[in-house]
1. Less than 11 Å Cβ to Cβ from Asn268, Lys/Arg counted +1 and Asp/Glu -1: what total charge do the surrounding residues give?
2. Can you give the extra length, in nm with one decimal, that the chain gains between Leu463 and Ser435 once fully stretched, where that is 0.36 nm per residue apart less the Cα-Cα distance?
3. Accessible area of the range 309-355 with a 1.4 Å probe: how many percent of it is carbon plus sulfur?
4. How large is log10 of I(q)/I(0) for the range 324-389 at q = 0.27 Å⁻¹ when the intensity is taken from the Debye formula with one equal scatterer per alpha-carbon?
5. Please state the relative contact order of the range 106-195 as a whole percent: Cα pairs under 8 Å, 6+ residues apart?
6. How much accessible area per residue does the range 105-240 have, in Å², with a 1.4 Å probe?
7. Using alpha carbon centroids, what distance separates the range 66-81 and the range 462-487, in Å?
8. Return the lysines within reach of Lys199: Cα separation strictly under 25 angstrom, same-chain partners fewer than 8 residues apart disregarded; answer none if there are no such residues.
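The values are calculated or read from the model by the stated rules, or taken from the named source; none is laboratory data. None of the values given here were measured: they were computed from a predicted structure. Positions of Cβ are backbone-derived with ideal geometry, glycine not excepted, and every protein chain shown enters the neighbour counts. We work out accessible area using only protein heavy atoms, side chains counted, and drop any ligands, DNA or RNA first. Shrake-Rupley method; radii C 1.70, N 1.55, O 1.52, S 1.80 Å.
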Amino acid sequence: MAGNFLLQHLLISYLLASWTSASPPNIIFIMADDIGWNDVGFHNPKLKTPNMNWLAKEGIELTNHYAQPLCSPSRSALMTGKYPSNNGLSQLVVQDFSKNCLPLEHKILPQHLKELGYTTKYVGKWHLGYCDKGCLPSKRGIDEYRGILSSQTEHFKWEEMGVVHRFVNDSVSLENIGTHHSIQEKSDVREMITAHKGKDSPLFMMISTTAPHTPLQVTQEMLRVHDFLVGDDIETMNRRKYLGLVSAVDDIIGEAIQSLREAELYNNSVVIFTSDNGGASIALQLHGLDVAPGNNYPLRNAKGTLFEGGVKVPTIYLDTRLSKTYSGSKRDFLMHISDWLPTFKQLAGSDQLEAGLDGVSQYENLRGGYSGLQKYCVRSGMLLAMTDYSVNRNESLCGATDAAVRFKDWKLIHGTDTGLAIKDIPTEWVKPAESPELPDLLGDSCLKIDENGNQLARCLFNLKDDPHEQSNLYDLHPEIVEQMMEMINREKSRRVQNVYKLPLDTNNVTSRVYEGHVIPRHDFCHPRTDFPLQAVHPSCQFDVSEFTENTEYCNKYISCSNTFFCRI
């Protein structure tokens with residue numbers, strides 16, 4: 001028996017050593033725009049998403065992966081390895097035609113990977129600003145870029161507010177205009193992966209799809225995919241169009257996998273599929289959120305909120321170098337979107353990380369075997385989001401008025417009357433149009449009224465016992481609320497000033513005409529003077545006590561990894 005155990009141990013050690021000493025893998029990161037928890041076939045069997053389902057069958061589902069409630073904050077966290085409250089993009093999103101972008105002081109993910117020998121390519125939505133040439137993807141470590149710079153465009157015209165936003169590297173591109181943008185993205189993916197065949201360098205490629213974000217514009221072929229959805233009512237038709245866009249994302253995933261195979265890159269590749277936030281299942285009075293065809297059932301609420309439906313996103317990790325014994329498995333360790341930067345650096349063979357990152361490497365949780373005992377070893381808690389949803393002022397002095405934190409199984413939401421998370425809506429557990437037979441879910445309100453008559457969101461959930469956030473335990477566990485408020489206040493004391501700006505008059509920033517089309521300029525801001533990265537105003541600082549980290553827990557399970565550490 002002892003001999004067999006020793007043999008197995010040596011074999012595992014050999015396989016892991018071989019895995020880590022191999023050439024760095026190609027990394028393909030696919031991020032859909034607004035796909036919800038229940039918008040994928042591996043959660044909703046009525047949907048036709050064969051390529052997503054194949055990824056889930058071949059890869060590992062990460063069941064506790066969190067993004068941000070909105071687009072730009074998620075992208076900024078991915079690119080910087082920092083919470084948006086620490087990178088400047090915590091307030092709403094980068095508005096089209098606004099004088100801001102992801103601050104240039106940040107060294108971002110593709111720049112890190114280029115230093116490690118990677119060729120870097122990007123297809124699709126950028127949404128991190130373009131007011132200065134230094135803000136463009138091609139100036140931030142990306143060797144080849146094809147996509148839209150803005151928050152959204154019409155899918156056929158590639159326009160937003162009459163301005164064409166389709167770019168190839170630094171220049172606007174009108175080639176194939178009139179083609180549905182998802183079809184164009186599929187073509188771009190094929191060409192850019194194929195061009196890497198036979199290259200010596202590993203490939204990092206981000207595929208940031210414009211679908212299924214609004215507008216709900218589809219081809220007839222896309223519309224036919226879910227033709228079992230019949231009915232002339234707006235809800236059903238919008239859901240069918242939206243699922244047509246989901247099918248377009250599925251096609252792009254299939255193209256990426258097939259192109260990797262044909263380019264002989266697949267066998268040394270890591271492929272990730274995720275979403276930038278939850279699905280828009282509840283309409284809100286914000287641009288792009290006024291139509292709500294997405295779905296997160298049975299999670300509570302939607303995009304733009306701090307509930308699970310806004311921040312917990314479907315995520316699959318496929319490492320083609322891993323044994324097939326891990327295919328189709330699920331892992332429940334806590335992961336934040338900011339964790340990908342340090343994780344990718346370690347996958348690329350580097351343990352050197354710059355100071356000040358909020359993300360932690362999940363390398364140990366993603367390689368080889370995994371036990372539930374490891375769930376909180378690398379990360380026991382996280383700031384899920386800290387944001388300022390006020391749209392009535394150009395800049396907020398302190399910002400970050402709404403916050404959500406998680407510590408192990410506990411989640412606290414602490415919102416204000418400016419927060420989208422507390423809008424008055426008929427139900428927060430929305431069923432999809434294709435499944436009216438699902439049970440209605442009900443839950444406790446999170447609303448409280450303060451002494452001034454303002455509505456506040458005060459919610460505490462135990463997600464192990466209550467994954468759908470139905471039982472508000474805020475008043476029952478004041479000691480837990482107090483500890484988790486210390487986490488929030490500590491993060492508030494660390495944050496930087498928001499660089500959010502309201503959009504300018506488009507006539508002032510899009511005056512250039514190219515072949516009869518209006519296109520954006522990139523010379524209407526000065527990043528290091530207009531929105532320098534700086535600490536939050538001193539009046540916003542907090543005096544906080546140190547949060548007590550439960551190191552006893554991690555020490556108990558020290559055997560789960562020889563490199564992990566506890567991290568809030």
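1. Net of charged neighbours comes to -1.
2. 7.6 nm
3. 45 percent
4. -1.27
5. Once divided by the residue count of the range 106-195, the mean separation gives 23 percent.
6. Each residue of the range 105-240 exposes 37 Å² on average to a 1.4 Å probe.
7. Here the answer is 25 Å between Cα centres.
8. Lys114, Lys121, Lys139, Lys186, Lys345
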